[in-house]
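Structure first, then comments.
The values are calculated or read from the model by the stated rules, or taken from the named source; none is laboratory data. On a predicted model such as this, the values are computed, not experimentally measured, just so you know. Glycine gets a Cβ as well: all are built from the backbone with ideal geometry, and neighbour counts include every protein chain shown.
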Amino acid sequence: MVARRRKNPSPRYLAFRHARTLLRSQGLLAVDEDHLEEGHQRLHSYMTPGLYGGGYTIKTTQEIDGADKLADTQPFFVDKFLFKLPEGEIHSVYPPQGHKEWAEALPHIVFNTPSTPWEWAASNRDQEPDYEANRNRVPWLAVFVFTKDELELSRDDLAESHGIFGKIKGEEDVRQTQGLTVPVRVKDIEKLQKTVSPVKPTPTTTEDTTTELIFLRRELFTTLFCAQDQDGNLKKGSGPDVRPYRFLAHRRDINSTGMAVAAKTATEDDQQSYSVILSHRTGPTSATEPTNCIAHLVSIYNVEHMNWSDTSEFVAMSSLYSWSYSCYPSTTPNVYNQFVKLGESSQMLRAAVEAKDLPDPDIPPNVKERVLIRLQNGYTMARYRVKTGESTACFTRGAFIPVANVAAEDTWDHLSNSGSDLQVLDKQLGIMDITYSAAWQLGRTMAIADQSFVTSLGLVRKNIYDLGMYYYQLELLSERSREQIIAAVPSLVQSLQSLQHSRQLSVTNSESRSRRWFRPSVKPVDRSYAGRSRINIHGEEEDAIEPHFLRAAREISSACDDESPDTPSKDPYNEFNTPFSTDWMTVLKWVLDRLVFSNIPTHYLVTDGGHLPEESVRFFEVDTRWMNAMIDGALSLANYIDQEDDKVRKAIFHAINLYRTTPISELDGERPPLPIYGCYVRSALITKFPDLKVEIRRGSRPIEQEKLILLRHDIVNVDTMFCLFSKRPSANTWDELWFTQPPHQQSFVAGATVDANRILIPFRKAYTTNLWKEDGDDVNEPMKEFLWNHAQQPDGSSEPGDPNYPEEGPGVIYHWTDPDNPSVEIRRLSMEYYAQLYLETAQNEMDTSRFDDKFATSALMATQMNSFAWRLKIGINGENSLATQDLIFHIVMQSGWATFDTHLEYLRFTIPLKDPKADGSAALMKSYIGPGAYMLSNVRFNPILSFRKTDEGVNTHLVITLTPRKVATNGRNPGVWVKNCRELSFVLTGVYINRYSTDNRRVSYNGEEGNAKVEVKYNDRTSPEVPHIQEETRLRLEKKEAKSMKDTRAAFLESAVLP
């Protein structure tokens, strides 16, 4: 049985999911046979709906004995969305709107409904082998990438009289939208001039039905939909062919554990399904600067039935969605570099302020030190108005602190009625700390805004007061309780019946009979709330009513007894049992939602924007005193009894603390998990991958299933992720945090390298069995690599005789331009040929015990075209530098420079990028994503930065080339006279320096593998030379903190001497 889907889940749904996981592991819950475990995904080539969109006819026949037969038919039309997507259908797109990506990236779109790409039948060729074998279906949607000049219409085309829209009457001038589309009514499409279109109205199309049209030039449309021969060459003679698009859509089933967005709409067992459509067209491959690209989700329904037109200039196609992104040259940072930079920026949530950053040197040292301590503890300065009206400064801090939290979560003895008594004066600075006062006021304000909570709180207060007073009065009065009186009624009747036999009534003395009714006077007992004080046996005054209020609160906050639902049990209500009071259920839910910071304004949590900069990970601890102060403010409402000492509020706190400390059997006997630690992740990666998977590890191993650590996982802003944990990081709980690209949001690429001259495609290993798990196959090792060249000669340093040189690819797998018209950029893969070549390669290279398939499917091609899934691992083992460093390269020529009669063409530095922990060698940095470099004094040169990369796009070396600004012309040698190059120092800015655990680490510049290298090229010499440099440079680190600017300047490249 399939588990139901989550709808509007609680902010604490992860706790309920954990309980369900425990029940499932114990065999108490059934598991669907298609259940996917965490970290697994399943790909399907297609998922067709029950009926495609379009017209159908039902025919009924009734056979009777006789000469005639009765028959009838009933046509009907299946109406589905054709010109506009339903609201909320799109789950995500890649690249996201406005982001940047390399040219080889293939944009894709993810739908929430698994059958969306196949709602309409785009092809009627149902006699193909893969169709008959039910292995592929052609989607009716496709994703295309265009540049502005490919879609932009000229003024003449938009003119009312002789343009495309000349026959369409409208009140306003026709203009293209930001996505270069034109909204047109569907029934007016046939009136377009110089244009043909596959878009046709359906029987349900109304007069007001509109669609967004893009206008492709005939030559571009032909190259996108023409057929291909067996070698991938274009065949323009035949009509449009949409069958290659069957490889560009697939369904993807995932397990949503650890994901922020997908988990909220998944089933209770974390099963989720999406459909994906990717493009086979890339961005501009020859761009040397960022180029704006527009991705369109286009309907290809009815394209197969079109004929090539020699007279029409444009083909109008329906665009159902569009977004834009920037296509960058391959020298720009990629996803890998973004992950590395994000990991290096991890720090506690506070301002990056040091003593030297504080202004005014006349400030006394003790004051400066005190302010610095406050800032390092997470405080910030704010404007504050005192009661008398004056404005002054104050300290404030949110619920998230960068220091250890020492407060006990169940201790709060500072009940307040106004919040002002929670302010703390810093006597050394004379500045007020309003942290807890602000938290109290926030709790009260949020509670007032929630009408249902205030109503329930008032009823809970009344119930506790009434029941507590009842128990208190029972203790005061000597009379028996109501139950005891009712139980004594039978004996009372018996005593009345024997009353006539009493000897006291037969006494004749009248005085004796009158004394029978005499009773000594007794001081009346004060049974009111005001008379609650009394003197105990030690002579001390005590509150006699408080224990009874605590007893009443325990009963009101308890669960129902299993045998007697009208009676409270001894166990508190914990959301897994039935509440004795529904009003208490509302109050507890509100409090618990606030304890996981649901609906709390962000500026109360992060009080300064500088605490959470862009591209950073910030950890924090939860200040339980701040949370208790906020709850105290909320519970202060509906207090009509005692404004000095609110006993009922104390009782409610007692009930909440009882919930906190009572184990829950549904959670395997653990106490209710409450957040005490957390982190923010602010990065463009969150925008790209909203479902970035979060995993908690201990020593690189998964946490036991019985432990619930991740309590909340949400996207609180478009680029910010928020996580809360129930345990602090330690050797016994968890010490690693992993961020992994989600399976349904991994990007697709045309190849490992795509530029204006070549495309390199590694063919990944393919499997149809699970033997690779048993034999330990290296699935990341490609089974073959092919290189296709656009030009006649390969563009690279390697030659075909080099054993590392990839094999030349057969056929044509990628079309740069139209062979008949080079001005038309095609930039698309030959999907039909690509799929067949990949299938044949897998059949030849893979053993049949691992791969055995006869058809190339969209699921197979999706695994091949998938880009790498990166994973960021953050070890919670210390702090890194909050700020980047600047490296100064001090380069001087010591002797002979004045008589050196030649020109300096360039000076090149090659610096390896690696983690020194990998092989123990010293390295300056793991990666570089800084603003660049600049010259210090000799402005005749310009420092140019580039990278050396692996085939997977991972930067391995940073190359800094000092290039002369002077351009070589006729009669002028390239370069700068050496006599003008005595000093060539420059600064490399924005560097995250590697941390070292030992002193005197040494960096070598001999140019060997893994070491830094310096090269200088003179005009009169044929090849670059390696100058004489000091043998090694020592990098000293006296403490584990980041190097200062002074230390870095003195440590790195003290002197690079040119010959």
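Pairing residues of segment 933-955 that are touching a residue at least 40 places away in the same chain (Cβ under 8 Å) with residues that are of a type in the set (A, V, I, L, M) and assigned to a loop (DSSP other than H, G, I, E, B), at Cβ distances under 6 Å and at least 6 apart in sequence or on separate chains, gives Asn938/Leu984; Asp951/Ala752.
Any residue in segment 652-675 that's under 15 Å from Leu592 (Cα atoms): show its pairings with residues that are modelled with pLDDT under 90 and of a type in the set (D, E, K, R) at Cβ separation under 6 Å, as long as the two are six or more apart or on different chains. Note: pairs meeting the criteria are Asn657/Asp410; Arg660/Asp410.
Per the listing Ala351, Ala438, Ala447, the residue uniquely among the hydrophobic types (A, V, I, L, M, F, W, C), closer than 30 Å to Asn599 by Cβ and modelled with pLDDT under 90 is Ala351.
Screening Thr222, Thr211 for residues that are surrounded by fewer than 22 Cβ atoms within 10 Å (Cβ to Cβ), modelled with pLDDT of 90 or more, outside any loop (DSSP other than H, G, I, E, B) and among the polar types (S, T, N, Q) leaves exactly one candidate, Thr222.
Let's see how each residue does on (1) touching a residue at least 12 places away in the same chain (Cβ under 8 Å); (2) closer than 30 Å to Asn955 by Cα; (3) touching a Gly at 6+ places or on another chain (Cβ under 7 Å):
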| residue | (1), (2), (3) |
| --- | --- |
| Ser346 | yes, yes, no |
| Leu375 | yes, no, no |
| Met381 | yes, no, no |
| Ile401 | yes, no, yes |
| Leu415 | yes, no, no |
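Of the residues making up segment 709-731, those that are under 14 Å from Arg618 (Cβ atoms) and either of a type in the set (Val, Ile, Thr) or not assigned by TED's automatic domain parsing to the domain that holds Asp691 (or both) are Val716, Thr720. Every test in (1) within 25 Å of Asp668 (Cβ to Cβ); (2) surrounded by 18 or more Cβ atoms within 10 Å (Cβ to Cβ); (3) touching a residue at least 24 places away in the same chain (Cβ under 8 Å) is passed by Phe576 save one, and that test is (2). Of the strands (runs of 3 or more DSSP E) contained entirely in segment 663-734, those carrying at least 1 residues that are among the basic types (Lys, Arg) and at pLDDT below 90 fall at 693-698.
Matching residues to (1) of a type in the set (Asp, Glu); (2) modelled with pLDDT under 90; (3) surrounded by fewer than 21 Cβ atoms within 10 Å (Cβ to Cβ); (4) part of a strand (DSSP E or B):
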position	(1), (2), (3), (4)
Tyr767	no, yes, yes, no
Lys773	no, yes, yes, no
Asp778	yes, yes, yes, no
Glu799	yes, yes, yes, no
Pro810	no, no, yes, no
Pro822	no, yes, yes, yes
Arg827	no, no, no, yes
Glu832	yes, no, yes, no
Ala835	no, no, no, no
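Residue pairs whose Cβ atoms lie under 8 Å apart, separated by 6 or more positions or on different chains, with the first residue in segment 286-302 and charged (D, E, K, R) and the second in a loop (DSSP other than H, G, I, E, B), are Glu289/Pro329.
Looking across segment 683-695, just one residue is surrounded by 22 or more Cβ atoms within 10 Å (Cβ to Cβ) and either over 9 Å from the mean Cα position of the chain (by Cα) or small (Gly, Ala, Ser) (or both), and that is Ser683.
Conditions tested, residue by residue: (1) in contact with a strand residue (DSSP E or B) (Cβ under 8 Å, 6 or more places away or on another chain); (2) under 14 Å from Gly443 (Cβ atoms); (3) in the same structural domain as Pro547 (by TED's automatic domain parsing); (4) modelled with pLDDT of 95 or more.
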position	(1), (2), (3), (4)
Arg594	no, yes, yes, no
His603	no, no, yes, no
Phe620	yes, no, yes, no
Tyr640	no, no, yes, no
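Taken across segment 625-644, residues that are in a loop (DSSP other than H, G, I, E, B), under 19 Å from Glu575 (Cβ atoms) and in contact (Cβ under 8 Å) with a residue 24 or more places away in the chain do not occur at all. For segment 758-779, check the following and say yes or no: at least one residue is touching a Gly at 6+ places or on another chain (Cβ under 9 Å), free of Cβ contacts under 8 Å to residues at least 40 places away in the same chain and of a type outside the set (Val, Ile, Thr). Within segment 758-779, one or more residues are touching a Gly at 6+ places or on another chain (Cβ under 9 Å), free of Cβ contacts under 8 Å to residues at least 40 places away in the same chain and of a type outside the set (Val, Ile, Thr). Every condition in (1) assigned to a helix (DSSP H, G or I); (2) more than 24 Å from Tyr659 (Cα to Cα) holds for Phe395 except the one numbered (1). Screening Val145 with (1) on the phi < 0 side of the Ramachandran plot; (2) in a loop (DSSP other than H, G, I, E, B); (3) surrounded by 18 or more Cβ atoms within 10 Å (Cβ to Cβ); (4) within 43 Å of the chain's Cα centre (by Cα) gives one miss only, at (2). Applying a threshold of 9 Å to beta carbon distances and a minimum spacing of six or more residues, or different chains, the list of pairs starting in segment 41-61 at a residue that is under 23 Å from Lys200 (Cα atoms) and ending at one that is surrounded by fewer than 16 Cβ atoms within 10 Å (Cβ to Cβ) and of a type in the set (Asp, Glu) reads Gly53/Asp79.
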